[in-house]
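Reading through the structure tokens given below for one structure.
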Amino acid sequence: MTEPTPFHATDGRTHLSYELLTTNALPSSTHVRLDRVEVRDARTHLVVGSLSGQALADAANPVGDPLPGADGYTPAPPGPTPTVIPGSQQWVIWLDLALERGQRVPKVLEHHLAGAVVTASGSSPFEETVQVTPTGRTAPMNLNAPVRPGTWYSSESCCGNTHHRRGLGPINGRFDVPQRFAIDWYRVGEQGQTWEGDPARLTSYLSYRQPVVAAAGGRVVEVQDGIPDNAPPVTPPVPPIEETVGNHVTLEVAPGRYLLYAHLKPGSLMVREGDRVEPGRVLGLIGNSGNSTTPHLHFQVMTTAEFFPTDSPPFTFREFRVVGQVEPRIWDDNLGLQPTGVLPITPSPYEGPHRARYPLDREVLEF
């Protein structure tokens, strides 16, 4: 579904995050039990990553099923091999590889599947090597900060089970993961707070009306304004698809590479389509428009000028300092519903300065 492109993250490892679509094309009464999925170097056939048991079950779901933990989600049945694909179904396997320091990134990957075909009369084991896939040779874009200097919380970034990483978008007859590496940025105060006062007021949120800036020089190719801010913290109605990212600015910064700044405050946009901007130019102010419940900046790199359909390639930031992390999952949907606006920030094993790295999910950092 994408070209797996290696990128360096704050944990010091090289990551590859992509998806494998698996289809059981047998009759509906014939199931395929997946016991193990291995990612191998296609040249040496050495294993660079594998999933089995509960780890595989947690990384696989039928196309169209909600994320684990979401309303309507039905967990896989218990057992040592809980990943069973019924006949005539297609599943997504979410692959997130982390290679240790010095470990070579294969130029070509292959995928080895082991399991059994299960019928009413018994099961037949199988092993198959499928989907030979070249890895990307183009380095991820190395960007300046998309916000002004300060302390910021990187929410819903890669590579765990987040709505960005595992948001499958069936658009115009094809599957994409349009937010694979998107990050939601929240301004954090000196006491770790993201809001102060009444969480039902937009102005209580430290992110609200914060400037967003060009992380690279480029040309403005899309501007949308006039969508009102949502009143926090109640989840807004699902907007029309063309208003998903709310008021936004899109910059073309290289051939086939676009920066998206989403959920901006109506009337705050400071550029027009066709403008050329230099790095650091203020583009607008953070708001709460579109599919957003509390003010934040949704930022990502895209392969097209529009959000639907697009692919989401990795990127890095030139320099920042990790100052902590947030262990529990706090979605932007319920940030304003917490007893206080203070994030439960704890020490991070990756604290300190970083250069040309991608911030991992739930890290707190300083630009």
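The values are calculated or read from the model by the stated rules, or taken from the named source; none is laboratory data. Since the model is a prediction, treat every value here as computed from it, not as a measurement. Note that we place each Cβ from the backbone using ideal geometry, even for glycine, and neighbour counts take in every protein chain shown. Keep in mind that these areas ignore ligands, DNA and RNA; they rest on the heavy atoms of the full protein, side chains included. Shrake-Rupley method; radii C 1.70, N 1.55, O 1.52, S 1.80 Å.
What to note about this one:
- All of L283, L297 fail the test of being closer than 28 Å to L16 by Cα, open to solvent by less than 10 Å² (accessible area, probe 1.4 Å) and either touching a residue at least 60 places away in the same chain (Cβ under 8 Å) or of a type in the set (S, T, Y) (or both), apart from L297.
- Some residue of segment 116-138 being in a strand (DSSP E or B) and in contact with a helix residue (DSSP H, G or I) (Cβ under 8 Å, 6 or more places away or on another chain): no
- Every test in (1) farther than 14 Å from D225 by Cβ; (2) in a loop (DSSP other than H, G, I, E, B) is passed by L269 save one, and that test is (1).
- Filtered by the rule that a residue be touching a strand residue (DSSP E or B) at 6+ places or on another chain (Cβ under 6 Å), modelled with pLDDT of 95 or more and either open to solvent by 10 Å² or more (accessible area, probe 1.4 Å) or among the β-branched types (V, I, T) (or both), segment 148-176 gives R148, T151.
- Residues that are more than 30 Å from R318 (Cβ to Cβ), at pLDDT 95 or above and among the β-branched types (V, I, T) within segment 186-234 comprise T203, I227, listed in sequence order.
- Candidate set from segment 94-110 (those that are assigned to a loop (DSSP other than H, G, I, E, B) and on the phi < 0 side of the Ramachandran plot); member that is surrounded by the most Cβ atoms within 10 Å (Cβ to Cβ): P106
- Extreme residue, farthest from T23 (Cα to Cα), among residues of segment 71-85 that are at pLDDT 85 or above and open to solvent by less than 30 Å² (accessible area, probe 1.4 Å): T83
- Residue that is of a type in the set (K, R), outside any helix (DSSP H, G or I) and closer than 20 Å to E190 by Cβ, where the choices are R357, R321, R329: R321
- Just one of (1) closer than 14 Å to N288 by Cα; (2) in contact (Cβ under 8 Å) with a residue 40 or more places away in the chain fails for V177. It is (1).
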